[in-house]
1. Would you be able to say whether some residue in the range A:371-382 is more than 14 Å from RNA strand B (Cβ to nearest atom) and under 28 Å from A:Leu557 (Cα atoms)?
2. Suppose we keep only residues that are within 15 Å of RNA strand B (Cβ to nearest atom) and of a type in the set (A, V, I, L, M) within the range A:6-26. Which one would you say is surrounded by the most Cβ atoms within 10 Å (Cβ to Cβ)?
3. Being more than 10 Å from RNA strand B (Cβ to nearest atom) and either under 14 Å from A:Gln312 (Cα atoms) or of a type in the set (Phe, Trp, Tyr) (or both) is the filter here; which residues of the range A:325-350 pass it?
4. Tell me which residues, restricted to the range A:31-90, are more than 10 Å from RNA strand B (Cβ to nearest atom) and among the aromatic types (Phe, Trp, Tyr).
5. Determine which member of the set A:Asp440, A:Asp482, A:Asp450, A:Asp475 is closer than 28 Å to A:Lys401 by Cα and at pLDDT below 80.
6. Against the definition (in contact with a Ser or Thr (Cβ under 9 Å, 6 or more places away or on another chain) and under 23 Å from A:Asp18 (Cα atoms)), how does A:Arg255 come out, yes or no?
7. Taking the range A:107-134 as the region of interest, how many residues are under 25 Å from A:Ile222 (Cα atoms) and assigned to a loop (DSSP other than H, G, I, E, B)?
8. What about A:Tyr402, is it on the phi < 0 side of the Ramachandran plot, of a type outside the set (A, V, I, L, M) and without any contact (Cβ under 8 Å) to a residue 60 or more places away in the chain?
Amino acid sequence: MPENKMPSNFIRTIIQEDVRKNTHQGQVVTRFPPEPNGYLHIGHAKSICLNFGLALEFGGRCHLRFDDTNPLKEEDLYVHSIQEDVRWLGYDWDRHLYFASDYFERLYDLALELIRSGKAYVCSLNQEETRHYRGTLTEPGKDSPYRDRTVEENLDLFQRMRAGEFAEGQHVLRAKIDMAHPNLNMRDPVVYRIMHARHHRTGDAWCIYPTYDFAHGLSDAIEGVTHSLCSMEFEDHRPLYDWFLDNLPLPSRPRQYEFARLNLNYTVLSKRRLIRLVQEGVVSGWDDPRLPTISGLRRRGVPSAAIRRFCQLIGVGKSEGIVDMAILEHAIREELNKSAPRVMGVLDPVKLVIVNYAQEKEEELQAVNNPEDESMGTRSVPFCRELFIERDDFREDPPRKYFRLAPGREVRLRYAYFVTCEDVIKDEDGQVQEIHCTYDPETRGGAAPDGRKVKGTLHWVSARHCLRATVSLYDRLFMVPDPTAEEKKGGDFMQHLNPGSLTVLKDRPVEPHLGRAQAGERYQLERKGYFCVDPDSGPQGLVLNRTVTLRDTWAKLEKKHTG
RNA sequence: UGGGGUGUAGCCAAGUGGUAAGGCAACGGGUUUUGGUCCCGUCAUUCGGAGGUUCGAAUCCUUCCACCCCAGCCA
């Protein structure tokens, strides 16, 4: 179960006060209410961590409720993926799985109740007329000519709406509030509309469907939700949320609070845009590792604990800001550093020959699996005369402060021996073909009995024993500098997609024991980043996908020195 | 020029009358068999601006400014 508590934030403070004052009998019941019209992304994770995290912290419960009131947009596929993702994030709704559609009968009865008390009426204006009557931001609206229909007439019409006697758009049911209200949401909002559409759960049982405003608060009240947390754009809807609760007989009285949704720089986080990326085939699917969807992050190798940690780090407030991607990457590194076994591998190999090491000799050397965690044990790594090292780990003409291998220089092969570069074999283009070294047998394991130090430690793989892996380097999972800004300039964000620098390297030498790696396991390829064993790898060989890079001080130094 | 919000460092964010937490990033140093990790240090005389109240203001008042949301029978 998630170990991360939500950090101090205003909602937490409100709940603490409510518990102290025994509001809601001291109960804390929250809910995560997605509409099943797409996959969950990291923005939803913020809401999930908030809602489930708070419930956990205060010994309450959190419901998973699908807000499925619009059959045109919703699909079963999404209700499954959402459940899978919430579970993967580490949260459990126990028996509290609900659907707004489960309440359709009850909501209908409540609508009848509203009509009976003279607080709702059937309006027969068409959509355009309705818009016209609503007024504008600065001008009040006008009463609908149908506003004064009698209770009997309204009851009759509404029942006939349900019975399917009318075409879509012919009538709607509206709450009778105030057409001159400065808040447009209060100008007689629509609560039921006719939709002759098949619903993913109720099928053809209904042809009228409640709107969000009507269904949401009532569902909260039916379920006994105490704290209904939603994003800022619903702040204007709160008076309406309260109006329904005040005007209908309900078993409980929830309160709505709003918080700012997540914005991540360079990242597409709107469902509208994500759907386009998927439908237009820009990505391979909702779980494409370049996407910020929960399933994409999972496939990329991001641990759910890192996402929870990220949500804890960013906090919860009411101001809309843009969170730096670096925080997510930090959270991922922090988690993976603790949990990922280290392994040696070479992305750009060059051969290193130890000339004074016998041709047929082989050794098994002991390597530590994780210096952060002794309990992860050790493994043995085969060693022989010919090895691969990273091409970049050798410089014929080393720059200042470069402390890896160079002619005449001694370095350590990690867990193996000290070696000294004696010779370089190049081809006719001047490309280094082989590096010839001598080793010091006294330094077995990587330590010198005479106490002498070397500045560099190199990673290596035995040429004779190594396994060949395909390594994919996704440098970034984000795609557009600022989609909203692009669209404001009148452009299409699709025109500004970062191609996503995916580099695929085949046949890269890695330690042989990786042959037993399981799909989904994460490793730190030392000095190269954290990698996840591709879920699809198997018969076609080992595939490692980069999850996130390591902090690279050398790259920074090099950049600084070369300007 | 209707209504509702937000404004604390490059980014996120605590703080709600007693003298600006923390994290990310950045920079400097130490440890290190990963140029990783870890550790230490530096980084807001000031809280969107201007006035005012107060012994004392990021917090209260006035006013101005900037940005976001709302005119779906979407959620």
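1. no
2. Once the filter is applied, the top-ranked residue is A:Ile15.
3. Kept after step one, since they are more than 10 Å from RNA strand B (Cβ to nearest atom), are these residues of the range A:325-350: A:332, A:335, A:339, A:345-350.
Across the range A:325-350, the qualifying residues are A:Ile332, A:Glu335.
4. Listed by number, the residues that qualify are A:Phe32, A:Tyr39, A:Phe52, A:Phe58, A:Tyr78, A:Trp88.
5. Values: A:Asp440 fails: at pLDDT below 80; A:Asp482 fails: closer than 28 Å to A:Lys401 by Cα; A:Asp450 fails: at pLDDT below 80.
Result of the check over A:Asp440, A:Asp482, A:Asp450, A:Asp475: A:Asp475.
6. It is true that A:Arg255 is in contact with a Ser or Thr (Cβ under 9 Å, 6 or more places away or on another chain) and under 23 Å from A:Asp18 (Cα atoms).
7. Of the residues in that region, 3 qualify.
8. Here the answer is yes, as A:Tyr402 does meet what is asked.
The values are calculated or read from the model by the stated rules, or taken from the named source; none is laboratory data. Since the model is a prediction, treat every value here as computed from it, not as a measurement. With ideal geometry, Cβ positions are generated from the backbone for all residues, glycine too; neighbour counts draw on all protein chains shown.
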